[in-house]
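Structure, as structure tokens:
Values in this text are rule-based calculations from the coordinates and carry no lab data. Bear in mind the structure is a predicted one, so any value in this text is a computation, not a measurement. Neighbour counts are summed over all protein chains in view; Cβ atoms, including those assigned to glycine, are modelled from backbone coordinates with ideal geometry.
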Amino acid sequence: MPSKTVDGYQIEFSAEPLPGTDSWGAYVTIYAPSTNPLHLDEVYPRQRVMADVPCDTASAAQRQAEQAADTILAQLRAPAKPQGD
């Protein structure tokens, strides 16, 4: 499974065939930084992303997943807004 590390976050992105179609879906999992390489703290459980954009190939779906992961990670790292704003 392709993965990359950004500022200590481990990002896994993958493609899987969509049942009953010739299309591929894009999937992302993100783990928080950890000082223990045997313990991964999942902050974004494996989910299909870009569900409205089926891909014709596995490599296209992996590219979609990697792009979506960058956006998701930016959202996870953004400071939380106070409620009521």
Using θ = phi - 60° and the Karplus relation 6.51 cos²θ - 1.76 cosθ + 1.60, list the HN-Hα couplings for segment 34-41 in order, rounded to whole Hz, with x at every Gly or Pro.
-> 9, 7, 10, x, 8, 10, 10, 9
Which value, in debye to the nearest 20, gives the size of the charge dipole of segment 3-77 about its Cα centre, when Lys and Arg are +1 and Asp and Glu are -1 at the Cβ?
-> 120 debye
Decide, for segment 3-77, between rounded, prolate and oblate: order the square roots of the alpha carbon gyration tensor eigenvalues as a ≥ b ≥ c, take rounded if a/c falls under 1.5, and otherwise choose prolate if a/b is larger than b/c, else oblate.
-> prolate
Non-local amide H neighbours of TYR44 (under 5 Å, H modeled in plane, Pro and chain starts lacking H): which ones?
-> ILE30
Taking only Cα atoms and a 10 Å spring cutoff, compute GNM fluctuations for the chain and point out the largest among GLN64, GLN47, GLN75.
-> GLN75
Crossing angle, helix 58-77 versus the chain [Cα axis fit, 0-90 degrees, rounded to tens] = 20 degrees
Computed, not fitted: 222 nm per-residue ellipticity of the chain from DSSP H runs ≥ 4 (each -39500 (n - 2.57)), nearest 500, equal to -8000 deg cm²/dmol
